[in-house]
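Okay, structure first, notes after.
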Protein chains: 2
Amino acid sequence: MGHRAEPEHTHPDDVPVQAVFAALADPVRLGIVRELAGSPEWTRACGSFDVPVGKAALSHHFAVLRSAGLIEQRDDGAKRVNRLRCAEFEARFPGLLDLVVRG
Amino acid sequence: MGHRAEPEHTHPDDVPVQAVFAALADPVRLGIVRELAGSPEWTRACGSFDVPVGKAALSHHFAVLRSAGLIEQRDDGAKRVNRLRCAEFEARFPGLLDLVVRG
DNA sequence: CTGGGTGTTCAATGGGTATCGAACACTTTG
DNA sequence: CAAAGTGTTCGATACCCATTGAACACCCAG
(Lines give C-alpha, C1' and ligand atoms only; values in the text may rest on other atoms or scores of the structure.)
Protein backbone atom coordinates (compact mmCIF):
# COMPACT_ATOMS: atom_id res chain seq x y z
CA MET A 1 0.00 0.00 0.00
CA GLY A 2 2.81 2.41 -0.88
CA HIS A 3 2.18 5.91 -2.03
CA ARG A 4 3.34 7.15 -5.35
CA ALA A 5 5.54 10.26 -5.40
CA GLU A 6 3.22 13.23 -5.63
CA PRO A 7 3.98 15.73 -8.38
CA GLU A 8 5.61 19.03 -7.43
CA HIS A 9 3.37 21.98 -8.06
CA THR A 10 4.25 25.61 -8.64
CA HIS A 11 1.82 28.39 -7.90
CA PRO A 12 1.25 30.87 -10.75
CA ASP A 13 2.36 33.66 -8.39
CA ASP A 14 5.84 32.16 -8.33
CA VAL A 15 6.13 31.91 -12.10
CA PRO A 16 7.77 34.58 -14.28
CA VAL A 17 5.89 35.56 -17.44
CA GLN A 18 8.69 34.35 -19.61
CA ALA A 19 8.31 30.82 -18.27
CA VAL A 20 4.63 30.87 -19.16
CA PHE A 21 5.41 32.03 -22.67
CA ALA A 22 8.00 29.29 -23.04
CA ALA A 23 5.50 26.71 -21.81
CA LEU A 24 2.83 27.84 -24.26
CA ALA A 25 5.18 28.19 -27.20
CA ASP A 26 4.96 24.44 -27.81
CA PRO A 27 2.14 23.09 -30.00
CA VAL A 28 1.65 19.94 -27.95
CA ARG A 29 1.35 21.82 -24.67
CA LEU A 30 -0.89 24.44 -26.24
CA GLY A 31 -3.18 21.65 -27.42
CA ILE A 32 -3.28 20.10 -23.98
CA VAL A 33 -4.21 23.38 -22.33
CA ARG A 34 -6.96 24.01 -24.86
CA GLU A 35 -8.38 20.55 -24.50
CA LEU A 36 -8.21 20.90 -20.75
CA ALA A 37 -10.00 24.24 -20.88
CA GLY A 38 -12.96 22.53 -22.52
CA SER A 39 -13.30 19.81 -19.92
CA PRO A 40 -14.61 19.80 -16.35
CA GLU A 41 -11.95 19.76 -13.64
CA TRP A 42 -10.35 16.46 -12.61
CA THR A 43 -11.95 14.57 -15.49
CA ARG A 44 -8.99 14.23 -17.82
CA ALA A 45 -6.22 11.70 -17.24
CA CYS A 46 -2.82 12.35 -18.81
CA GLY A 47 -3.25 9.65 -21.40
CA SER A 48 -6.63 10.91 -22.55
CA PHE A 49 -5.33 13.74 -24.70
CA ASP A 50 -5.17 13.78 -28.47
CA VAL A 51 -1.46 14.39 -28.94
CA PRO A 52 0.97 13.08 -31.57
CA VAL A 53 3.68 12.02 -29.11
CA GLY A 54 4.58 9.01 -27.00
CA LYS A 55 4.07 8.64 -23.25
CA ALA A 56 7.59 9.72 -22.37
CA ALA A 57 7.32 13.05 -24.15
CA LEU A 58 3.80 13.49 -22.85
CA SER A 59 4.94 13.08 -19.27
CA HIS A 60 7.61 15.69 -19.89
CA HIS A 61 5.07 18.17 -21.23
CA PHE A 62 2.87 17.79 -18.19
CA ALA A 63 5.86 18.46 -15.97
CA VAL A 64 6.50 21.69 -17.85
CA LEU A 65 2.87 22.78 -17.57
CA ARG A 66 2.96 22.03 -13.86
CA SER A 67 6.12 24.06 -13.24
CA ALA A 68 4.60 26.90 -15.24
CA GLY A 69 1.69 26.99 -12.81
CA LEU A 70 -0.82 26.17 -15.52
CA ILE A 71 -2.14 22.86 -14.29
CA GLU A 72 -2.64 20.88 -11.14
CA GLN A 73 -2.46 17.11 -10.89
CA ARG A 74 -3.90 14.57 -8.50
CA ASP A 75 -3.61 10.81 -8.34
CA ASP A 76 -6.86 8.97 -8.86
CA GLY A 77 -6.24 5.26 -8.68
CA ALA A 78 -3.87 4.23 -11.41
CA LYS A 79 -4.53 7.41 -13.32
CA ARG A 80 -3.31 10.94 -12.80
CA VAL A 81 -6.03 13.47 -13.41
CA ASN A 82 -5.62 17.13 -14.29
CA ARG A 83 -7.25 20.47 -13.89
CA LEU A 84 -6.53 23.89 -15.34
CA ARG A 85 -5.73 26.45 -12.64
CA CYS A 86 -8.17 28.95 -14.10
CA ALA A 87 -8.79 31.13 -11.06
CA GLU A 88 -5.23 31.42 -9.77
CA PHE A 89 -3.88 31.88 -13.24
CA GLU A 90 -6.41 34.53 -14.13
CA ALA A 91 -5.51 36.41 -10.97
CA ARG A 92 -1.84 36.39 -11.84
CA PHE A 93 -2.08 36.78 -15.63
CA PRO A 94 -5.42 38.39 -16.44
CA GLY A 95 -6.73 37.55 -19.88
CA LEU A 96 -3.95 35.18 -20.85
CA LEU A 97 -5.99 32.01 -20.64
CA ASP A 98 -8.70 33.52 -22.80
CA LEU A 99 -6.15 34.28 -25.48
CA VAL A 100 -4.96 30.71 -25.43
CA VAL A 101 -8.43 29.27 -25.83
CA ARG A 102 -9.60 31.69 -28.50
CA GLY A 103 -6.48 31.06 -30.55
CA MET B 1 19.53 57.83 -54.24
CA GLY B 2 18.85 54.15 -53.90
CA HIS B 3 16.37 52.84 -51.40
CA ARG B 4 17.23 50.24 -48.87
CA ALA B 5 15.12 47.09 -48.81
CA GLU B 6 12.20 47.84 -46.54
CA PRO B 7 11.49 45.33 -43.79
CA GLU B 8 8.57 42.95 -44.27
CA HIS B 9 5.84 43.53 -41.75
CA THR B 10 3.19 41.18 -40.48
CA HIS B 11 -0.06 42.46 -39.05
CA PRO B 12 -1.00 41.04 -35.64
CA ASP B 13 -4.24 39.78 -37.18
CA ASP B 14 -2.24 37.37 -39.33
CA VAL B 15 -0.22 35.99 -36.43
CA PRO B 16 -1.14 32.82 -34.51
CA VAL B 17 -0.93 33.03 -30.73
CA GLN B 18 1.72 30.40 -30.61
CA ALA B 19 4.06 32.54 -32.70
CA VAL B 20 3.62 35.39 -30.24
CA PHE B 21 4.41 33.12 -27.32
CA ALA B 22 7.50 31.84 -29.10
CA ALA B 23 8.61 35.41 -29.80
CA LEU B 24 8.17 36.47 -26.19
CA ALA B 25 9.74 33.36 -24.72
CA ASP B 26 13.19 34.80 -25.35
CA PRO B 27 14.78 37.06 -22.69
CA VAL B 28 16.43 39.37 -25.19
CA ARG B 29 13.23 39.94 -27.15
CA LEU B 30 11.22 40.37 -23.97
CA GLY B 31 13.68 43.05 -22.88
CA ILE B 32 13.40 44.85 -26.17
CA VAL B 33 9.62 44.90 -26.02
CA ARG B 34 9.65 46.22 -22.47
CA GLU B 35 12.16 48.90 -23.25
CA LEU B 36 10.17 49.83 -26.31
CA ALA B 37 6.98 50.05 -24.30
CA GLY B 38 8.57 52.73 -22.14
CA SER B 39 9.65 54.92 -25.04
CA PRO B 40 7.73 57.20 -27.40
CA GLU B 41 7.10 55.81 -30.87
CA TRP B 42 9.80 56.03 -33.53
CA THR B 43 12.39 57.22 -31.05
CA ARG B 44 14.41 54.05 -30.60
CA ALA B 45 16.89 52.82 -33.17
CA CYS B 46 17.79 49.12 -33.20
CA GLY B 47 21.22 49.71 -31.76
CA SER B 48 19.95 51.77 -28.85
CA PHE B 49 18.79 48.86 -26.73
CA ASP B 50 20.53 47.49 -23.68
CA VAL B 51 21.02 43.91 -24.77
CA PRO B 52 23.88 41.47 -24.15
CA VAL B 53 24.24 40.32 -27.76
CA GLY B 54 26.02 41.41 -30.92
CA LYS B 55 24.50 43.21 -33.88
CA ALA B 56 23.89 40.05 -35.88
CA ALA B 57 21.80 38.40 -33.18
CA LEU B 58 20.07 41.67 -32.50
CA SER B 59 19.01 42.01 -36.11
CA HIS B 60 17.63 38.49 -35.97
CA HIS B 61 15.57 39.29 -32.88
CA PHE B 62 14.03 42.32 -34.53
CA ALA B 63 13.06 40.19 -37.50
CA VAL B 64 11.29 37.78 -35.18
CA LEU B 65 9.45 40.59 -33.39
CA ARG B 66 8.41 41.99 -36.75
CA SER B 67 7.05 38.69 -38.04
CA ALA B 68 5.20 38.23 -34.77
CA GLY B 69 3.37 41.50 -35.39
CA LEU B 70 4.82 43.10 -32.29
CA ILE B 71 6.81 45.93 -33.77
CA GLU B 72 6.94 48.14 -36.82
CA GLN B 73 10.12 49.53 -38.35
CA ARG B 74 10.88 52.52 -40.50
CA ASP B 75 14.11 53.79 -42.00
CA ASP B 76 15.24 57.14 -40.72
CA GLY B 77 18.47 58.11 -42.37
CA ALA B 78 21.13 55.58 -41.52
CA LYS B 79 19.13 54.27 -38.60
CA ARG B 80 16.12 52.03 -38.42
CA VAL B 81 13.64 53.21 -35.83
CA ASN B 82 10.99 51.14 -34.10
CA ARG B 83 7.60 51.39 -32.56
CA LEU B 84 5.48 48.97 -30.57
CA ARG B 85 2.19 48.16 -32.33
CA CYS B 86 0.20 48.82 -29.17
CA ALA B 87 -3.22 49.51 -30.67
CA GLU B 88 -3.30 46.74 -33.30
CA PHE B 89 -1.81 44.27 -30.89
CA GLU B 90 -4.22 45.13 -28.12
CA ALA B 91 -7.12 44.66 -30.53
CA ARG B 92 -5.89 41.21 -31.52
CA PHE B 93 -4.53 40.02 -28.14
CA PRO B 94 -6.27 42.02 -25.41
CA GLY B 95 -4.24 42.34 -22.24
CA LEU B 96 -1.15 40.57 -23.50
CA LEU B 97 1.05 43.62 -23.78
CA ASP B 98 0.15 44.66 -20.25
CA LEU B 99 1.28 41.29 -18.97
CA VAL B 100 4.59 41.68 -20.72
CA VAL B 101 5.26 45.11 -19.29
CA ARG B 102 4.17 44.31 -15.76
CA GLY B 103 6.32 41.19 -15.73
C1' DC C 1 35.18 60.74 -52.55
C1' DT C 2 36.62 58.81 -48.03
C1' DG C 3 35.55 57.26 -43.43
C1' DG C 4 32.64 56.03 -39.46
C1' DG C 5 28.19 54.41 -38.11
C1' DT C 6 24.08 51.37 -38.68
C1' DG C 7 21.96 47.30 -39.85
C1' DT C 8 21.54 42.85 -42.73
C1' DT C 9 23.07 38.38 -44.49
C1' DC C 10 25.80 34.30 -44.47
C1' DA C 11 28.07 30.04 -42.81
C1' DA C 12 29.40 27.78 -38.75
C1' DT C 13 29.14 26.65 -33.90
C1' DG C 14 26.96 25.44 -29.57
C1' DG C 15 23.24 24.63 -26.31
C1' DG C 16 18.80 23.57 -25.12
C1' DT C 17 15.00 20.59 -25.61
C1' DA C 18 11.55 17.63 -27.86
C1' DT C 19 11.40 12.96 -28.94
C1' DC C 20 11.87 7.99 -28.59
C1' DG C 21 12.61 3.19 -26.67
C1' DA C 22 13.29 0.60 -22.78
C1' DA C 23 13.11 -0.25 -18.00
C1' DC C 24 10.70 0.56 -13.83
C1' DA C 25 6.92 1.57 -10.19
C1' DC C 26 2.24 1.57 -8.98
C1' DT C 27 -2.73 0.41 -9.55
C1' DT C 28 -6.55 -2.28 -10.68
C1' DT C 29 -8.58 -6.35 -12.66
C1' DG C 30 -8.72 -11.31 -13.82
C1' DC D 1 -0.37 -14.22 -8.02
C1' DA D 2 -0.37 -12.92 -12.85
C1' DA D 3 -1.54 -9.59 -16.38
C1' DA D 4 -2.85 -5.33 -18.29
C1' DG D 5 -3.04 -0.27 -17.91
C1' DT D 6 -1.01 4.24 -16.47
C1' DG D 7 2.65 7.26 -15.84
C1' DT D 8 7.70 8.37 -14.69
C1' DT D 9 12.68 8.16 -15.40
C1' DC D 10 16.82 7.35 -17.93
C1' DG D 11 20.07 7.43 -21.85
C1' DA D 12 20.55 8.56 -26.48
C1' DT D 13 19.43 11.00 -30.61
C1' DA D 14 18.05 14.74 -33.50
C1' DC D 15 16.53 19.05 -34.43
C1' DC D 16 15.73 23.87 -33.75
C1' DC D 17 17.46 28.25 -32.71
C1' DA D 18 20.39 31.79 -30.45
C1' DT D 19 24.93 33.48 -31.05
C1' DT D 20 29.15 34.85 -33.33
C1' DG D 21 32.52 36.81 -36.75
C1' DA D 22 33.11 38.36 -41.22
C1' DA D 23 31.58 40.35 -45.36
C1' DC D 24 28.47 43.46 -47.38
C1' DA D 25 25.18 47.52 -48.30
C1' DC D 26 23.53 51.84 -47.10
C1' DC D 27 23.52 56.54 -45.05
C1' DC D 28 25.52 60.69 -43.44
C1' DA D 29 29.37 63.91 -42.10
C1' DG D 30 33.95 65.38 -43.26
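The values are calculated or read from the model by the stated rules, or taken from the named source; none is laboratory data. Just so it is clear, the model here is predicted, and its values are computed rather than measured. FYI the Cβ positions are ideal-geometry reconstructions off the backbone, even for glycines, and counts take in every protein chain you see. Just the protein is used for accessible areas: all its heavy atoms, side chains included, with ligands, DNA and RNA removed. Shrake-Rupley method; radii C 1.70, N 1.55, O 1.52, S 1.80 Å.
List of remarks:
- Environment charge of A:GLU72, counting only residues whose C-beta is closer than 13 Å and scoring Lys/Arg +1, Asp/Glu -1: 0
- Rounded to the nearest 20 debye, dipole of region B:38-103 from Cβ charges on Lys, Arg, Asp, Glu: 160 debye
- Total accessible surface hidden between A and B, rounded to 100 Å², 1.4 Å probe: 1400 Å²
- Prolate is the label for region B:15-102, because the ratio a/c of its alpha-carbon gyration tensor axes (a ≥ b ≥ c) is 1.5 or higher and a/b is greater than b/c.
- Contact residues in region B:6-34 (at least 30 Å² less accessible area with all protein chains than alone, 1.4 Å probe): B:VAL17, B:GLN18, B:PHE21, B:ALA25, B:LEU30.
- Summed side-chain charge close to B:GLY95 - residues other than B:GLY95 whose Cβ falls under 14 Å, Lys, Arg +1, Asp, Glu -1: 0
- The angle separating the long axis of helix B:55-67 from the principal Cα axis of greatest extent in chain B is about 50 degrees.
- Region A:21-51: chymotrypsin sites (Phe, Trp or Tyr not before Pro) in DSSP loop, at most 14 other beta carbons within 10 Å: A:TRP42
- Counting only other chain Cβ atoms within 10 Å of each residue's Cβ, the peptide B:90-96 averages 3.
- Distances, shortest first, from the label point of B:LEU58 to those at the same position in the other copies read 4.7 nm; the point lies 7 Å along Cα to C-beta.
- For the B-to-A rotation axis, chain B residue with nearest beta carbon and its distance in angstrom: B:GLY95, 2
- The share of accessible area on region A:4-103 that comes from carbon and sulfur is 51 percent, using a 1.4 angstrom probe.
- Label-point spacing at A:TRP42 relative to the other copies reads 5.8 nm, in ascending order, each point sitting 7 Å out from Cα along Cα→Cβ.
- Summarising the overall dimensions of the protein assembly as shown from its C-alpha atoms, the Rg and Dmax are 19.7, 82 angstrom.
- Cβ-vector label at 7 Å, A:LYS79, separations to other copies in nm: 6.0
- In this Cβ point-charge picture (+1 for Lys and Arg, -1 for Asp and Glu), region B:1-89 has a dipole of about 280 debye about its Cα centre.
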